[in-house]
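Here is the structure we will look at.
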Amino acid sequence: MRVDRVFAYGATAGLIADAALGDPRRGHPVAGFGRAAARVESLLWRDDRGRGALHTLLCAGGVVGAAALAARAVRNRPALAVALTAAATWSVVGGTSLGREARAIGGALAAGDLDVARERLPHLCGRDPHALDGPQIARAVVESVAENTSDAVVGALVWGAIGGVPGLVGFRAVNTLDAMVGHKSPRYRRYGWASARLDDLAGWPGARLTAVLAVVAGGRPSEAVRAWKADAGRHPSPNAGPVEAAFAGALGVRLGGTLAYAGRVEHRPVLNGESGRDVRSTDIERAVRLSRRVGLLALGVCVVGRTAVGHLVAGRKRGRA
C-alpha cells in the first residue's frame with residue numbers, strides 16, 4: 001500500500017477515534033512525553049541557550065527517531081502501518097477534548113457560575129482566572145479554541161501528511177516542549193529559546209492553513225480576511241496571530257487585549273476591533289463548531305495533498321522505468 005493511502009486511512013481512523021473517545025483517560029502518550037521531558041530538564045537545566053537547545057534536540061529528536069523506527073518496522077505490513085498511523089493521530093490530536101473543556105466552561109458561564117468557570121479555565125489555557133469576569137473568561141476560551149485548533153489538530157495533520165508518523169509525533173513533541181519551557185519567564189527566557197523558535201517554525205504551515213479554513217468555514221469570509229490582514233501582524237505570536245484574527249473575523253467578535261499569566265500581565269492588540277463585539281458565553285459554542293469544521297476540512301486538504309504528491313511520485317517512477 002502506498003504511503004499516501006496509509007496516511008489517508010490512518011489519519012481518518014485516528015480522527016474518528018478522537019471524536020468517539022477523546023483523549024486517552026490514562027497513560028496518555030503526550031503526558032508521558034511531558035514527564036520524560038521534565039526529567040531531562042532536571043538534569044540539563046542551566047540559564048543557557050545551548051543547554052536548552054540540547055534539551056530540545058534530545059526530547060524532540062528522540063521521539064521522532066523512535067517513531068521513524070516504528071514506521072520502518074511496519075512499512076511492508078499495510079494493516080499495521082494504518083493502525084500505527086491511526087494510533088499516532090489519535091494520540092496527538094485533541095479536538096474533542098478541546099471542545100469538551102470549552103463547552104464545560106461555556107455551560108458554567110451560561111448558568112452564572114463564575115467560580116466553576118474560573119476553576120475549569122486552567123484546564124484549557126494558562127491564564128490567571130481569578131480576576132476575570134464572565135466576558136473575559138469567554139474571550140479567553142474562544143482564543144484558546146482558535147489557537148489550539150491549529151496546535152492540537154491542523155498542525156499535526158499537516159506534519160502527518162508531510163512526514164507520516166514521525167511528523168505527527170514530532171510536531172506534538174515540539175508543541176509540548178514549547179508549552180513547557182518556551183515562555184518568557186525568568187527561568188526559561190534563555191533555556192526555552194530553542195523550543196520556542198522551533199515551535200514557531202513547525203507551527204507556521206498549520207497556522208496559515210487554519211486561518212484559511214476559518215475564512216472558508218466561518219460564514220463571514222470578507223470579515224475574516226480583513227481581520228487577518230489588518231491585525232494578525234500585530235500579535236506577538238507569528239502563528240497565533242493569523243489564527244486568532246481569522247477566528248475573530250469569522251465569529252464577528254473582538255479578541256486580544258490585556259491578559260494575565262501567573263502574575264505576568266501582557267497588553268496585546270485587539271483583533272477585529274473595528275467591527276467585532278465583545279465575546280459572549282454563547283460564542284464559545286460557535287467557536288467550537290467552527291473549530292470542528294476547520295479540523296474536518298484540514299483532514300480533507302491534507303489527504304488530498306498527500307495523495308496528489310503520491311500520484312506525482314508514482315508517475316515519475318513509471319516514467320523512469
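The values are calculated or read from the model by the stated rules, or taken from the named source; none is laboratory data. Just so we're clear, the structure is a prediction, and the values are computed from it rather than from any experiment. Every residue, glycine among them, receives a Cβ derived from its backbone with ideal geometry; neighbour counts consider all protein chains shown. The protein model used for the area step is the full one, side chains on, heavy atoms only, and it has no ligands, DNA or RNA in it. Shrake-Rupley method; radii C 1.70, N 1.55, O 1.52, S 1.80 Å.
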How many residues are over 30 Å from Ala13 (Cα atoms) and open to solvent by less than 30 Å² (accessible area, probe 1.4 Å) when one looks only at the range 93-114? 2
Spot the failing condition for Ala173; the list is (1) modelled with pLDDT of 95 or more; (2) of a type in the set (A, V, I, L, M); (3) open to solvent by 10 Å² or more (accessible area, probe 1.4 Å); (4) out of contact with any Leu (no Cβ under 8 Å at 6 or more places or on another chain), and only one is missed. (3)
Quick one: in the range 67-80, of everything that is aliphatic (A, V, I, L, M) and free of Cβ contacts under 8 Å to residues at least 40 places away in the same chain, which residue is most open to solvent (accessible area, probe 1.4 Å)? Leu69
With the condition kept exactly as written, say whether any residue in the range 302-319 is among the hydrophobic types (A, V, I, L, M, F, W, C), exposed (fewer than 15 other Cβ atoms within 10 Å of the Cβ) and modelled with pLDDT of 95 or more. yes
Condition first: open to solvent by less than 60 Å² (accessible area, probe 1.4 Å) and either over 23 Å from the mean Cα position of the chain (by Cα) or under 19 Å from Arg293 (Cα atoms) (or both). Now tell me which residues in the range 115-127 satisfy that. Val116
I want to confirm something. Restricting to the range 139-164 and keeping residues that are over 15 Å from Asn175 (Cβ atoms) and of a type in the set (D, E, K, R), which single residue is surrounded by the most Cβ atoms within 10 Å (Cβ to Cβ)? Glu143
Could you please let me know if Ala83 is open to solvent by less than 20 Å² (accessible area, probe 1.4 Å), farther than 27 Å from Ala194 by Cβ and either among the polar types (S, T, N, Q) or modelled with pLDDT of 95 or more (or both)? no
Qualifying position, being farther than 30 Å from Arg187 by Cα, of a type in the set (Lys, Arg) and open to solvent by 50 Å² or more (accessible area, probe 1.4 Å), among Arg289, Arg234: Arg289
Helices (runs of 4 or more DSSP H) (entirely within the range 188-273) containing at least 1 residues that are touching a Gly at 6+ places or on another chain (Cβ under 8 Å) and of a type in the set (Ser, Thr, Tyr): 193-217
Looking at the range 128-147, which of its residues are of a type in the set (Gly, Ala, Ser) and either over 22 Å from Leu290 (Cα atoms) or touching a Ser or Thr at 6+ places or on another chain (Cβ under 7 Å) (or both)? Ala131, Gly134, Ala138
